[in-house]
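> The following block contains the structure, expressed as structure tokens.
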Amino acid sequence: MSSIATQGLQFREPLIFERSSPGRVASSLPRSATTAPGNVALPEGLLRKKAPRWPEVSEPEAVRHFIRLSQQNYGIDTGFFPLGSCTMKYNPKINEDVARMEGFADLHPMAPESWIQGALSLYWELERYLAEITGFSAVTLQPAAGAHGEYTGMALIRAYLMHTEGKPRTKVLVPDTAHGTNPATLAMLGYETVTLKSSDRGVVLPEDVLAAMNEDIAGIMMTNPNTLGLFEENVKEVADIVHAKGGLVYCDGANMNALLGRARPGDMGVDAMHLNLHKTFSTPHGGGGPGSGPVCVHDRLAPYLPIPRVEKDGSTFRLVSDKPLTIGRVKAYLGNFGMHVRAYTYIRELGREGLKLAGEMAVLNANYLRVKLAERYHVVHDRACMHEVVLTDKLQKKAADIETRDIAKGLIDRGFHPPTTYFPICVQNALMIEPTETESKETLDRFVEAMFDIDAESKVDPQRLKTAPHLPLVGRLDETRAVRKPILRWRPVETPTAGQ
Ligand SMILES: Cc1ncc(COP(=O)(O)O)c(C=O)c1O
């Protein structure tokens, strides 16, 4: 049994609060002048009447508590993380070293231009690399996440329509295979979403776009490759139809990792697209940030890009805000600069051929899993996929009433992070698997073995799967209750000695 089990997480250690013993300390600091009796600088009303009820523990106990907590996390540095749509690829440590160089990490965001020429040069070059990789002419690095990039890109389209037609139009076409953030972005901008049902092949059909498109529709927002892990093969024809009615084409390019070095959305009729640096360009993911979602555009949208723009004047870089058509700022300063340094390092490290190989390996790994897993699982579109593959629980459900959730929890007991579950929503009980290019064949084989083992267990002991996971410290949670009645704060048990 690997990772989770061998990390010893099955043993429940006493919590730090349970170890507390009155008078035990982890440090002994000299009494400060302000806290000495009779020498109090704080007003009487602000003083505590009772000492706070912190756990009282020795230094080794405090250290063990925090180290143990850090080991209870499952991350990309501890194991395979096939979370579809999230692209949990390995984050190279060289990126971290470069981002921590003092010339980058210690910069003050308000330092004058003349002091930050190196940083501005990296920023300017990264914009150009991303434009070259995607086939667009201009880029903003300001947005802080993929969804923020979507918002920025669609705000550019809105501003363009306002400027050229005097009104933003009211609706936007969104295929049912788009990422969930797309309709949310549109709602934030005041657009109504018109959902397009994808075809039996899992892609958008030009005839459906033609039937839906009119002069009140601002354009289409397509995720490509889409959330079924399929390439939208009709994108050029779709773009021609949308453009003929004066609309614009937005591409959710968060899955660009599948196309690297092979295809450029900017060459396919797309007008604007965002990238997720924390997916395609190996920067770390963070809950709600700090990510980066640069937006790439063609010339006609460039005048609307957020300010300040970094421009090159001879050999000097300048921050320029005098742009009359700009939508303004979307993020403080220049965005999450540390992420830009990491993505720049990744691009320079891999180079043209390396990036292409990364894209190819991501697609190869997903197809390897597709073919292997099809032996025991239902694959929704069993044809060549891009960077991810979508399965369902159909076979296990029919044979043993085992659901997607049970399969995911069974994987935890076998030492793997589960794939994305119940997404995309256009597929019933989906299991969305994205291996990424950074996993070896041996790891993929172990994953397939675990999936086969789950299928076998579903036939002999379905109850064990229905109550999984059994090995980690935390078992199956009541997820609905956890959301509706979250317990966000630890409160001490009242004891006669507490507070003395
Ligand atoms: C296809 C797609 N679009 C948009 C997003 C949203 O990106 P973020 O979570 O950075 O806001 C994601 C996130 O993984 C995605 O996979």
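The values are calculated or read from the model by the stated rules, or taken from the named source; none is laboratory data. Treat the numbers as computed from the prediction; the structure is a model and nothing was measured. Here the Cβ is made from the backbone with ideal geometry for all residues, glycine too, and neighbour counts use every protein chain on show. Please note that ligands, DNA and RNA were not included when accessible areas were found on the heavy atoms of the full protein model with its side chains. Shrake-Rupley method; radii C 1.70, N 1.55, O 1.52, S 1.80 Å.
> What is the chain's relative contact order, in percent, from Cα pairs under 8 angstrom and six or more apart in sequence? Before the final figure, lay out each step's value.
Numbers: 893 pairs, mean separation 95.6, N = 500.
Relative contact order, the chain: 19 percent.
> Would you work out the charge dipole size for the chain about its Cα centre, treating the Cβ of every Lys and Arg as +1 and the Cβ of every Asp and Glu as -1, and quote it to the nearest 20 debye?
Working: 57 positive and 59 negative charges, 328 e Å.
Dipole magnitude for the chain comes out near 1580 debye.
> By accessible area of protein heavy atoms, probe 1.4 Å, what ranking do W124, W115 get, highest first? Present the calculation step by step, with values, prior to reporting the outcome.
On the way: W124 55, W115 190 Å².
Result of the area sort, largest leading: W115, W124.
> Determine how large the accessible area of K245 is when every protein chain is in place; take a 1.4 Å probe and give Å² rounded to the nearest 10.
Near enough 70 Å² of accessible area.
> Using protein chains only and a probe of 1.4 angstrom, how many square angstrom of Y151 are accessible, to the nearest 10?
For Y151, the solvent-accessible surface is approximately 80 Å².
> Applying 1/(1 + (r/R0)^6) with R0 = 30 Å to the Cβ-Cβ distance of M162 and Y129, what FRET efficiency is obtained, to the nearest 0.05?
Numbers: r = 31 Å, r/R0 = 1.03.
Calculated value: 0.45.
> Magnitude of the Cβ-charge dipole of region 154-203, K/R +1 and D/E -1, about the Cα centre, nearest 20 debye?
Numbers: 6 positive and 4 negative charges, 21 e Å.
With only Lys, Arg, Asp and Glu charged at Cβ, the dipole is about 100 debye.
> Under 4 °C and 1.567 mPa s, how fast does the chain diffuse according to Stokes-Einstein, given a Kirkwood radius computed over C-alpha pairs? Answer in µm²/s, whole number.
Values: Rh = 25.6 Å.
The calculation lands on 51 µm²/s.
> By per-residue mean of other Cβ atoms within 10 Å, what is the highest-first order of 482-490, 311-319?
Details: 482-490: 7.4, 311-319: 12.1.
In decreasing order of mean packing, 482-490, 311-319 become 311-319, 482-490.
> Moving on. What do you get for Rg/Rh over region 196-283 if you use C-alpha atoms and the Kirkwood form of Rh? The partial results should precede the final answer.
Working: Rg = 13.0 Å, Rh = 13.3 Å.
Ratio value, two decimals: 0.97.
> With every atom except the alpha carbons ignored, what do you get for Rg and Dmax of region 145-208, in angstroms?
For region 145-208, the Cα radius of gyration and maximum Cα-Cα distance read 12.8, 39 Å.
> Could you name the aspartates and glutamates whose alpha carbon sits less than 19 Å from that of K441, not counting residues in the same chain fewer than 8 places away?
D77, E360, E375, E388, E449, D453
> Can you give the helix-only mean residue ellipticity at 222 nm for the chain, where every DSSP H stretch with n ≥ 4 adds -39500 (n - 2.57) and the sum goes over all residues, rounded to the nearest 500 deg cm²/dmol? Could the numbers behind the result be given before it?
Details: 16 runs with 180 residues, N = 500.
Calculated from helices alone, the mean residue ellipticity at 222 nm is -11000 deg cm²/dmol.
> With the radius of gyration and the Kirkwood radius both derived from the Cα set of region 350-500, what is their ratio Rg to Rh?
Numbers: Rg = 19.6 Å, Rh = 17.5 Å.
Reported Rg/Rh (Cα atoms, Kirkwood Rh): 1.12.
> Right, next: Taking one equal scatterer on every alpha-carbon of region 93-348, how large is log10 of I(q)/I(0) by Debye at q = 0.13, 0.14, 0.17 1/Å?
Once normalised to I(0) and log-transformed, intensities are -0.78, -0.89, -1.27.
> Report the Cα centroid-to-centroid distance between region 132-169 and region 347-364 in angstrom, as an integer.
Spelled out, the Cα-based centre of one part sits 27 Å from the other.
> A follow-up question, please. What residues have an amide H closer than 5 Å to that of L248, excluding those fewer than 5 places away on the same chain, when H is modeled at 1.01 Å from N in the peptide plane?
G219, I220
> Holding the Cα-Cα limit at 32 Å, pick out from K372/K466; K93/K409; K197/K245; K89/K409; K93/K394; K93/K323 the pairs that are longer than that.
Values: K372/K466 24 Å; K93/K409 30 Å; K197/K245 20 Å; K89/K409 22 Å; K93/K394 40 Å; K93/K323 38 Å.
Exceeds cut-off: K93/K394; K93/K323.
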